[in-house]
Structure formats: structure tokens, C-alpha cells
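> Can you keep this structure in mind? I'll have questions shortly.
Values quoted throughout were computed directly from the atomic coordinates according to the rules given, and no laboratory measurement underlies them. Computed from a predicted structure; not experimentally measured. Every residue, glycine among them, receives a Cβ derived from its backbone with ideal geometry; neighbour counts consider all protein chains shown.
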Amino acid sequence: APTRVAVRAAHLVDTKAGTVRDNPVVIIEGDHITEVRYDGQVPAGVKVIDLGSATLLPGLIDCHVHLTGDPNEVKGDYYEAVLKRSSIDSAILSPTYAKRTLDAGFTTVRNLGAGDYVDVALRDAINRGDIPGPRMLVSGPPLGATGGHADGTTGFSPWIEFHGIDGVADGVDAIRHRVRENVKHGADVIKYMASAGVLSAEASVGAPQYSQEEMNAIVDEAHRWGKKVAAHAHGAEAIKMAIRAGTDSIEHSSLIDDEGLKLAKQHGTYLDFDVYNDDYILSEYAKKGFPASTIDKEKLVGRLQRENFQRAVKAGEKMAFGTDAGVYPHGWNAKQFAIMSKWGMTPMQAIQAATVNAADLLGMTGKVGQVAPGYYADLVAVNGDPLKDVSQLEHVAFVMKGGDVDRNDIKR
Ligand code: ARG
């Protein structure tokens, strides 16, 4: 029989009920939780991990990361970083980013976009136990229109030949084929670019880049294969088109209007707002040598995105935690909590966005996002009170994934 372990702490955040309970003891067998009791008692013969006065939470979930890249790879010369590196360089660095993410308390992530299926290889290496890292759902190369946000060759001379597997596909037939290719090569989820973006060469930041017919085809095809769909969308029109197509989550959601908020509610669409990014891009990207056009585009969406985040919270939208980490450094994921609470969420709402809501969006309810019997033993603990100050989650001091302790720096 697998050995039983008990994790004891002073408090536990019940993410489903939205309450905090005292004297929790979490009993773990192998990789999952078998019992949660609130009498502080550890059954005889069970090994105890005593976290003293700390507060326990389920492992955190980030619904939007890119573990195959990090802004610190760009050291003053953007084009050097872009033109002198391949996916092999990304593959070499990605385990480091995966470990940083796990160490920060994020035990599950959804990786929304990577060239050459580096994300699939990373996920598989973690699942085999070859390297440490969070549970990963991955998309493979994101679908997008020629010249759009997923087309990394935009802006370069037409004489340069680029190699590698990307997600560029135009027209319904090519799109259906491209979705099937991603499913074939191991994608758990389908990502597509509904609108233009910030960190790409096209002039617009929010204009639709697929027709309604094309978006409908992506979602129809993905759902037939049992895969959920995430759409990158900044602009109001592209957001509405993506929602009408049946997309499961809108990423960025920056310029969503009242009609978009209404549509999202009608369709049960999740909205993910990466509201920390603006701070990092505006303070660091110019120094790192990113093109001025990128920083100018950021200024068009950053502030409005936060205002619209607040409107979405007030409107009672379904919201999950997605940071787009990789745009800012891995391991800093939790910095977004403070922005979410500054712009209208209670700490509990922000925690729920990164636990129960995220699990629902990922189709992983029953496995992650709660501390409850049958769930994976994915736990984090903090010394401070995250319900008073949600930025305490930037200082996670204990991380367990699937019953294995990743780190334990709880002061006792
Ligand atoms: N990956 C996104 C893009 O390039 C990043 C947007 C970051 N800006 C923001 N305000 N959230 O479009």
C-alpha cells in the first residue's frame, strides 16, 4: 500500500465554498488526497508535514503561459534574439522556466502557443517524471492568418526563408487540416489568434484576423476532436466574433465592450485578462531592445484592459487566471493577483480565478483547483494571510505536486 502522508497547517482556503477553515489536516496517499479533516488530528502511523501557522491552498493554476520563452532572453537586441535562435534553444531553456513556475506555486498551467511542438515535448518529459514542472495542457503552434499575430515571419524580407512548424492557416479547409495536425501531434487544447496583437509586427493591435466563417471552423473542428479552444483577442469586434464562434476562453479580452460582456455571459465564455503585463512591458521592453512599435501598441491596450477587467468583474463574468507569463518572467505569475485585487476583485475572487474557475475552464474539475478527496495532492502554503493581502501569494513557501514536495521553506 502507498505510504500515507498528512499535511497539517493552521488554515485552509476552501476555494469551492469561498471560505477559510481552521486546523486542516490533509491526508494523502500516493499522488492524491484521500481525506481532509478539520480537527488538527493526525491518524496514527501517518507521516506528518507540519506547516505550523501557515495557510494552505490548492496548487495554483495559470491558464495562459508560454514556457518556451522568457523576456530575459532579449538582452538589448531584439533581432539577435529572434534571428539567431531556433526551437532547440527554446527547448534547452524551457525546463528552467517550468521549474520556476512550479516553485512559484503554479502546479498546473495551460501553455497557449509554442513553435515546433516544444510544449508537447516539455509536457511529456514532466509527465514521465524526467524533469520537474507543473502539470501542462498544451496547444502546440497557435493557428493564425498569414501576416497576423501567429505569423512570426511578418515584417522580414520576403527573400528570407524561415523553417519550423507554425500554425499559419488560411481558409476553412486549411484551418480544419491545421487543427487536426495539432491534435495528431499531441495538443490538449486549440489556440488561435482572433485579433492582431502587441508583440507582433502588424500595424493594428485589435483588428480581427480571421473571418467569422474561419473562426467557426476552428471551434467546430476542435470540439469534434474533444478539444477546448482559446482565442487571443484584444479588439471588441474580434472578441465578439470569437465568442459567437463558440470559443471556450477569450485571452487578453482587452477592449471588450458591453455587447461582448453580454455575449460572453450568454455563451458561458471564460474571460482571461493578463492585467499584469502592461507594467512589465512599459517599464522593461524598451531597455531590452524590443521595437518601439510594440511599446506604442501596448499603450493602446494596457490601461483600457484594466478598466474593462473591472467592468467584467462588476458584470459577474466567468473569469479565470491567465498571465501570458513568458511576456514577463516565469515565476512571477502571482504578481497578477495584486493587480486583479486593485482593479475590483476580492482576494477570494482572485484566488478562485486561479483555482476552481481555472480548473473548470481546463476541464479538470475533480482533479485540480480544490483541496478535496480524490483531487491530486497539489498544495501550496503561505505564511501570511492571502485573504487580507492577496500579494502574499507572491511568497509561496511550500509547494507539493502530486504528493511530491517540490519545496518547503515554511518558517516554524
Ligand atoms: N501576447 C500579447 C500580445 O502580444 C501580450 C499583450 C500584453 N499586453 C497587455 N496589456 N496585456 O498581444
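> Project the alpha carbons of the chain onto their principal axes and report the range along each, largest first, in whole Å.
So the extents along the principal axes, rounded to whole Å, are 71, 45, 44.
> Can you tell which of Leu51, Ala359, Val120 lies farthest toward the positive end of the dipole of the chain, using +1 and -1 charges on the Cβ of basic and acidic side chains (Lys, Arg; Asp, Glu)?
Leu51
> Among Pro142, Met241, Pro373, whose Cα projects farthest towards the positive end of the dipole of the chain, with charges put on the beta-carbon of Lys, Arg (+1) and Asp, Glu (-1)?
Selected residue: Pro373.
> If you build the Cα gyration tensor of the stretch 12-73 and take the root of 5 times each eigenvalue, what three semi-axes come out, in whole angstrom, biggest first?
Details: eigenvalues 185, 48, 28 Å².
After scaling each eigenvalue by five and taking roots: 30, 16, 12 Å.
> So how strong a dipole does the stretch 60-333 carry about its Cα centre when Lys and Arg Cβ are +1 and Asp and Glu Cβ are -1, to the nearest 20 debye? Numbers along the way, then the final one.
Details: 30 positive and 39 negative charges, 133 e Å.
Dipole size: approximately 640 debye.
> Relative to the first principal axis of the alpha-carbon coordinates of the chain, what is the inclination of helix 118-128, with its axis defined by its Cα atoms, in degrees from 0 to 90 and to the nearest 10?
Helix 118-128 sits roughly 20 degrees off the main axis of the chain.
> Follow-up question, since we're still on this one. Sorted by average packing, counted as other Cβ atoms within 10 angstrom per residue and highest first, what order do 158-164, 54-60, 16-22, 243-249 take?
Numbers: 158-164: 7.7, 54-60: 26.3, 16-22: 13.3, 243-249: 23.3.
The densest-packed peptide leads the list: 54-60, 243-249, 16-22, 158-164.
> Shifting gears a bit: Once the dipole of the stretch 60-333 is set up with Lys and Arg at +1 and Asp and Glu at -1 on Cβ about the Cα centre, which of Val65, Ala201, Ile160 lies farthest towards its positive end?
So the residue furthest toward the plus end is Val65.
> Shifting gears a bit: Report the charge-dipole magnitude of the stretch 273-412 in Debye, nearest 20, computed about the Cα centre from +1 at each Lys and Arg Cβ and -1 at each Asp and Glu Cβ. It would help to have the intermediate numbers written out before the result.
On the way: 17 positive and 17 negative charges, 39 e Å.
The dipole of the stretch 273-412 has a size of about 180 debye.
> Sorting check: for 340-349, 355-364, which peptide has the highest mean count of neighbouring beta carbons within 10 Å, and how do the rest follow?
Ranking, from highest mean packing down: 355-364, 340-349.
> Taking a threshold of 21 Å on the Cα-Cα distance, which of the pairs Lys228/Lys314; Lys265/Lys367; Lys318/Lys401; Lys75/Lys335; Lys184/Lys228; Lys240/Lys318 fall above it?
On the way: Lys228/Lys314 26 Å; Lys265/Lys367 25 Å; Lys318/Lys401 26 Å; Lys75/Lys335 23 Å; Lys184/Lys228 15 Å; Lys240/Lys318 15 Å.
Violating the 21 Å Cα-Cα cut-off are Lys228/Lys314; Lys265/Lys367; Lys318/Lys401; Lys75/Lys335.
> How far, in degrees from 0 to 90, does helix 236-245 lean away from the longest principal axis of the Cα atoms of the chain, to the nearest 10?
It is inclined by approximately 70 degrees.
> How big is D, in µm² s⁻¹, for the stretch 1-133 by Stokes-Einstein at 20 °C and 1.002 mPa s if Rh is the Kirkwood radius over C-alpha pairs? Write out the running numbers ahead of the final one.
On the way: Rh = 17.5 Å.
D, rounded to a whole number, is 122 µm²/s.
> Using packing as a proxy for protection, rank 260-266, 193-199 so that the peptide with the highest average count of other Cβ atoms within 10 Å comes first. Walk me through the numbers on the way to the answer.
Details: 260-266: 18.9, 193-199: 26.4.
The most tightly packed comes first, giving 193-199, 260-266.
> While we're on this one: Seen from all sides and averaged, what is the projected area of the convex hull of the Cα atoms in the stretch 248-346, in nm²?
Working: hull surface 25.3 nm².
If you wrap the Cα atoms of the stretch 248-346 in a convex hull and average its projections, you get 6.3 nm².
> Non-local amide H neighbours of Ala377 (under 5 Å, H modeled in plane, Pro and chain starts lacking H): which ones?
Result for Ala377 returns His32, Ile33, Gly402, Gly403.
> Right, something else. Please state the charge dipole magnitude for the stretch 86-211, taken about the Cα centre, from unit charges on C-beta atoms (+1 on K and R, -1 on D and E), reported in debye and rounded to the nearest 20. If you can, show how the numbers build up before the last one.
Working: 11 positive and 14 negative charges, 101 e Å.
Roughly 480 debye, rounded to the nearest 20.
> Sticking with this structure for a sec: Enumerate the amide H contacts of Leu112 below 5 Å, restricted to partners 5 or more residues apart or on another chain; note that Pro and chain-start residues carry no placed amide H.
HN-HN under 5 Å from Leu112: Val65.
> If you take every DSSP beta bridge fully contained in the chain, what fraction is antiparallel? Give it as a percent rounded to 5. Spell out each step's value before the answer.
Numbers: 27 of 59 bridges.
Percentage antiparallel, nearest 5: 45.
> Give me the angle, in degrees from 0 to 90, between the Cα long axis of helix 87-103 and the longest principal axis of the Cα atoms of the chain, rounded to the nearest 10.
30 degrees
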